[in-house]
Structures are given as C-alpha cells and as structure tokens.
Amino acid sequence: MDNVFVGDYGNNRVRKFQLSSPCASTTKEITPGVCLIRKWGSAGHGDGQFNIPYGIDVDSHGKVLVVDNGNSRIQKINNDGSFITKWGSLGP
C-alpha cells in the first residue's frame with residue numbers, strides 16, 4: 001500500500017493518505033481508493049506546528065521532511081506525526 005503526504009497549508013497541518021481499496025476501519029475514505037490515515041500539526045511556531053507547510057518529501061528511512069515556509073525552516077517528522085527535529089531560519 002502506498003502512502004501520500006500532503007501539506008495542507010490552509011489549515012497548517014500535514015495529512016497522510018493511503019491508496020487502498022477498501023479502506024481499513026481505522027481510516028476515513030475521502031474518495032474511492034483514497035483513505036485518510038491521520039493528520040497532524042496546527043498553526044504556530046513550536047515543534048510540530050506549522051505556518052504554511054508547503055513542500056513535503058520522505059527520506060529513505062520513512063521520515064517526513066516538511067518545508068515550514070512561514071516559519072522559514074524544515075521540520076523532520078516521524079511517519080506517525082511525532083516531531084524529530086527542525087533546522088533553518090529566515091535569511092538576510
């Protein structure tokens with residue numbers, strides 16, 4: 001089963017979807033074959049909070065890298081949504 005991560009910049013959070021049919025009972029079917037597994041984050045400047053999460057990538061270890069555009073940083077998050085680390089700051 002494939003996972004897709006989406007930066008929901010309007011709501012300052014990340015959503016994790018699974019491409020599967022049928023959806024597991026612990027997930028919510030968004031459209032046929034697309035299941036919402038979880039969402040995490042909220043508006044803010046703290047660890048695991050976002051201000052316009054704009055770009056997402058997943059590294060070779062399954063960790064989620066989120067470009068936290070409004071906070072001028074990148075956050076590294078576990079696949080379950082728990083915060084690992086962050087780096088970056090606003091440049092000159």
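The values are calculated or read from the model by the stated rules, or taken from the named source; none is laboratory data. In this text, all values refer to a predicted model and were calculated from it rather than measured experimentally. Reconstructed Cβ throughout: ideal geometry from the backbone, glycine too, with neighbour counts over all protein chains shown. Each accessible area value is taken on the protein alone, full model and side chains, heavy atoms only, with ligands, DNA and RNA left out. Shrake-Rupley method; radii C 1.70, N 1.55, O 1.52, S 1.80 Å.
When the chain is described by a simple charge dipole with +1 on each Lys and Arg Cβ and -1 on each Asp and Glu Cβ, the residue from T26, V64, Q49 located farthest towards its positive end is Q49. Converting the Cα gyration tensor eigenvalues of the chain into ellipsoid dimensions via √(5λ) gives semi-axes, longest first, of 26, 13, 10 Å.
Any idea of the accessible area per residue across the chain, 1.4 Å probe, to the nearest Å²? Don't skip to the end; give the middle numbers.
Numbers: 5520 Å² over 92 residues.
That works out to 60 Å² per residue.
Taking a ≥ b ≥ c as the square roots of the Cα gyration tensor eigenvalues, region 22-73 comes out prolate, since a/c reaches at least 1.5 and a/b is larger than b/c.
As a fraction of the 1.4 Å probe accessible area of the chain, surface on carbon and sulfur atoms comes out at 51 percent.
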